[in-house]
Amino acid sequence: MPELSLVIITKNEEKHIGECIRSALNIVDDIVVLDEFSTDRTKEIILKNGGRYFSENFRGFGKQKQLAVSLAKHDWVLCLDADERVSEELEQSILEWKKNPRSEIFGYSFNRLSYYCGKAIKTCGWYPVNRIRLFHRLHGNWNDMDVHEIVEMQTGKKEGFLQGDMLHYTMKTVEEHIEKVKKYARIKSDSLKDKNTFYLLFKSIFNPISVFIKMFFFKKGFMDGWHGFTLSRVSALSEVWIYKYALQKKAGIN
């Protein structure tokens with residue numbers, strides 16, 4: 001039976017981290033959390049729930065998660081964000097995998113169901129979102145992307161799929177959503193600041209329109225009413241901020 005480490009990165013996640021860890025207690029044999037020097041009760045809650053606590057300066061999401069994976073006791077790792085949970089169905093799927101592992105498969109994906117302002121969202125391209133989050137770290141790992149990082153398996157390594165959703169309790173308010181996308185926009189803009197000004201201006205106009213139309217109309221965000229409209233609108237605004245920040249950095253404005 002393979003032993004499994006739960007791997008999480010955090011910063012000021014006292015509202016989420018306890019429930020995240022507890023949702024996986026029945027399926028993991030080790031809990032490791034790499035924290036970015038939280039100033040709230042994050043560390044206390046991690047230790048209270050049996051986690052091993054480490055702290056490190058943030059180096060971008062991909063590289064931060066790579067470091068966290070390296071701290072795990074076991075080669076098989078389950079990676080969650082602090083605002084994610086293992087559903088009962090997914091828990092059963094992972095327990096079944098542990099009892100009957102397939103030697104030819106080195107990474108498993110499952111669907112993520114996200115809640116936005118309290119509502120489960122199945123439009124806007126948000127569901128089903130398939131992600132590899134359970135994998136053997138000698139045969140796959142997080143890529144180096146600063147944002148929107150993903151797990152990449154080595155060439156030729158087979159992947160499997162597990163039934164059951166990973167529950168993602170994302171932004172509870174629109175204000176929280178705006179704050180989060182601005183943070184991500186600043187990080188992403190670092191890789192664009194060397195682009196020419198015309199490119200950045202064009203993208204700042206075209207991308208927001210494209211994102212809104214795609215999410216609200218083609219991916220049926222309208223079926224989720226206010227939630228779908230707001231999600232599409234703020235996602236479009238995030239594109240404005242990405243290129244705005246890139247233009248500011250290009251001009252030497254922080």
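Label-to-label distance for Phe229 and Asp194 is 4.3 nm, based on points extended 7 Å past Cα in the beta-carbon direction. Toward the positive end of the charge dipole of the chain, with +1 on the Cβ of Lys and Arg and -1 on the Cβ of Asp and Glu, the farthest Cα among Phe37, Tyr199, Cys79 is that of Tyr199.
Which option, [x] 17.0, 51; [y] 20.0, 74; [z] 19.1, 57, is the value of Rg and Dmax of the Cα atoms in Å that was calculated from these coordinates? Label of the calculated value: [z]. Taking a sphere under 13 Å around the Cβ of Val211 and counting the other residues whose Cβ falls inside, with K and R at +1 and D and E at -1, yields a net charge of +3.
Which FRET efficiency value, to the nearest 0.05, do you get for Glu159 and Leu71 by plugging their Cβ-Cβ distance into 1/(1 + (r/R0)^6) with R0 = 25 Å? Present the calculation step by step, with values, prior to reporting the outcome.
Details: r = 24 Å, r/R0 = 0.96.
Efficiency, rounded to the nearest 0.05: 0.55.
Backbone phi angles across region 104-115, fed through the Karplus curve with coefficients 6.51, -1.76 and 1.60 (θ = phi - 60°), yield HN-Hα couplings of 8, 10, 10, x, 10, 10, 7, 7, 10, 10, 9, 9 Hz in residue order; Gly and Pro are listed as x.
Ranked by the mean number of other Cβ atoms within 10 Å per residue, highest first, peptides 196-206, 72-82 order as 72-82, 196-206. Treating cross-link reach as a plain straight distance, find the lysines whose alpha-carbon is under 24 Å from the alpha-carbon of Lys43, omitting any fewer than eight places away in the same chain. Counting by Cα, and skipping residues close in sequence, Lys43 has these lysines nearby: Lys11, Lys15, Lys63, Lys65, Lys73, Lys172, Lys180, Lys183.
Counting only aspartates and glutamates at least 8 places from Lys182 when in the same chain, those with an alpha carbon closer than 12 Å to its own are Glu239.
FYI, it's all coordinate maths here, none of it is from the lab. In this text, all values refer to a predicted model and were calculated from it rather than measured experimentally. For neighbour counting, all protein chains shown are included, and Cβ atoms are generated from backbone atoms with ideal geometry for every residue, glycine included.
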